[in-house]
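Written out below as structure tokens is the structure these notes cover.
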Number of protein chains: 2
Amino acid sequence: MTVGTIRPGGRTARVRAAVLSAAADALVEHGFAGLDLADVASRAEVGKTTVYRRWGTTAGLVADLLTDMAEQSSPRAETGSLLEDLRANARLVQRTLADPRQGALFRAVIVAATCDPRAAEALHRFYAVRIAEWAPCVEEAAQRGELPAGTDAAEVIRAVSAPLYYRLLISGDPVDAAAADCAAEAAVAAAQAGAYTADSDPT
Amino acid sequence: MTVGTIRPGGRTARVRAAVLSAAADALVEHGFAGLDLADVASRAEVGKTTVYRRWGTTAGLVADLLTDMAEQSSPRAETGSLLEDLRANARLVQRTLADPRQGALFRAVIVAATCDPRAAEALHRFYAVRIAEWAPCVEEAAQRGELPAGTDAAEVIRAVSAPLYYRLLISGDPVDAAAADCAAEAAVAAAQAGAYTADSDPT
DNA sequence: CGATTAATGGAACCGGAGACCCGTTATGAC
DNA sequence: GTCATAACGGGTCTCCGGTTCCATTAATCG
């Protein structure tokens, strides 16, 4: 074998999968602040030296976990109605954030992103992927004439999620189905009124 | 002197002020994850034993800092136009979050809130106060007939901030004046369309 | 003003997260 | 199969955040 060869096959991949899965479990249980690499190693039945060597820090591990999460895509809705599509999106986000396991995981990775540039980069990429998956809902609605031309599709999708994350992280209000429906409705109304058109609104 | 007397006067108050100020500085520099009570103590020129005894944990210290922050109120705008008022609010939030010092501080306290129930409670109270200060803008607009009856004023105010916090914490997009204006405009449009009326939207 | 005792401050102590060393395993080229 | 070595794993050590102990300072009451 030549010098410098990488060996991703078999064991290495198995170790990565086990460690990322264990990391998610640990994050759900203790949050990012309580993430202990030795604990992750023992959950994954892997030597703690391995975890420290390959990922280095808790933030590095979370960044890799996010990269992995970004690869699992969730298909968008396609009901033919913008309001219905966005409601489906809002409900999906709402269920995710309200779920004890998923919600805790998302809180943890968001915290990690505020603590480490690489984790932040990975988080932004994760959401960029998710938003790009759902943007066609808005683009198609614009083509159907439901929205003004020049509407920023990604911004509309972000507007649906934003109030739900605000509740989760900041106000502490419940992230329930009513909040999801309200967010979807508000996004549609604002988009129809032209609040998300590209021009920079001269007062 | 009787047994069990509390002594808030003089030294105690001075220590609290110095420690809270030092805590804010430390949070700005190292974030919540890197908050070290010994470091805070030395910045405040106070014995580290004192900090550990009175606040116990980093989260407890942040909770107290938030309680202190909630007491400093920022007056709302009163321009006579809902859009102008909300734009003023959005710009205020935007400037705060975009400011290197304030933005870092807010990120840090939000992180703390996701890690500790008391800090979360303090954060929710902080925002409840801020939202209550600005809600009259919306209520007066409703009385002027600019909005449908039954509009949830607090929800409208939250809708203005939510996209800005989403950018700060999640998407990583810039928190600039354009985003602020967009958020204010969208909130007004959605409110006028009745997206924030109390009824639970039977679709 | 003086006694009482909250409240603070310095220093020694403790435990666990993370770094390091070196032997062991198993991947991939031949 | 076999060989070189990338990658893993257990044990040990170190460093620092957090606790405890006791002496010192100063806030309140008479």
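A few points about this structure:
- Scope segment B:168-186; condition closer than 18 Å to A:ILE170 by Cα, in a helix (DSSP H, G or I) and facing chain A (nearest Cβ under 8 Å); matching residues: B:LEU169, B:ILE170, B:SER171
- For segment A:20-41, the set of residues classified as surrounded by fewer than 15 Cβ atoms within 10 Å (Cβ to Cβ) and either near DNA strand C (Cβ under 10 Å from one of its atoms) or aliphatic (A, V, I, L, M) (or both) consists of A:GLY34, A:ASP36, A:ALA38, listed by residue number.
- Evaluated against (1) more than 9 Å from DNA strand D (Cβ to nearest atom); (2) away from every other protein chain (no Cβ under 14 Å); (3) at positive phi, B:ALA18 falls short on exactly one condition, (3).
- Candidates A:ARG130, A:ARG144, A:ARG91, A:ARG76: the one that is within 14 Å of chain B (Cβ to nearest Cβ) and more than 12 Å from the chain's Cα centre (by Cα) is A:ARG91.
This table checks each residue for (1) over 23 Å from A:THR114 (Cα atoms); (2) of a type in the set (Asp, Glu).
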residue: B:LEU147; (1), (2): yes, no
residue: B:ASP152; (1), (2): yes, yes
residue: B:ARG158; (1), (2): no, no
residue: B:SER161; (1), (2): no, no
residue: B:LEU164; (1), (2): no, no
residue: B:ASP181; (1), (2): yes, yes
residue: B:ALA189; (1), (2): yes, no
residue: B:ALA193; (1), (2): yes, no
residue: B:TYR196; (1), (2): yes, no
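- Within the set B:GLY31, B:GLY60, the sole residue that is touching a Cys at 6+ places or on another chain (Cβ under 7 Å) and in contact (Cβ under 8 Å) with a residue 24 or more places away in the chain turns out to be B:GLY31.
- Filtered residue count, segment A:150-167, keeping only those that are free of Cβ contacts under 8 Å to residues at least 12 places away in the same chain and either of a type in the set (A, V, I, L, M, F, W, C) or in a loop (DSSP other than H, G, I, E, B) (or both): 0
- Given (1) more than 9 Å from every other protein chain (Cβ to nearest Cβ); (2) buried (at least 20 other Cβ atoms within 10 Å of the Cβ); (3) in contact with a Gly (Cβ under 7 Å, 6 or more places away or on another chain); (4) not charged (D, E, K, R), number of the condition B:ALA198 does not satisfy: (2)
- Verdict on A:LEU66 being within 14 Å of another protein chain (Cβ to nearest Cβ) and more than 21 Å from the chain's Cα centre (by Cα): no
- Selection of segment B:94-139 for residues being touching a residue at least 60 places away in the same chain (Cβ under 8 Å) and over 25 Å from B:ASP25 (Cα atoms) yields B:GLU133, B:PRO136, B:CYS137.
Bear in mind that the values in this text are calculations on the coordinates, not laboratory data. Note that this is a predicted model, so its numbers are computed, not measured. Note: ideal-geometry Cβ built from the backbone for every residue, glycine included; neighbour counts use all protein chains shown.
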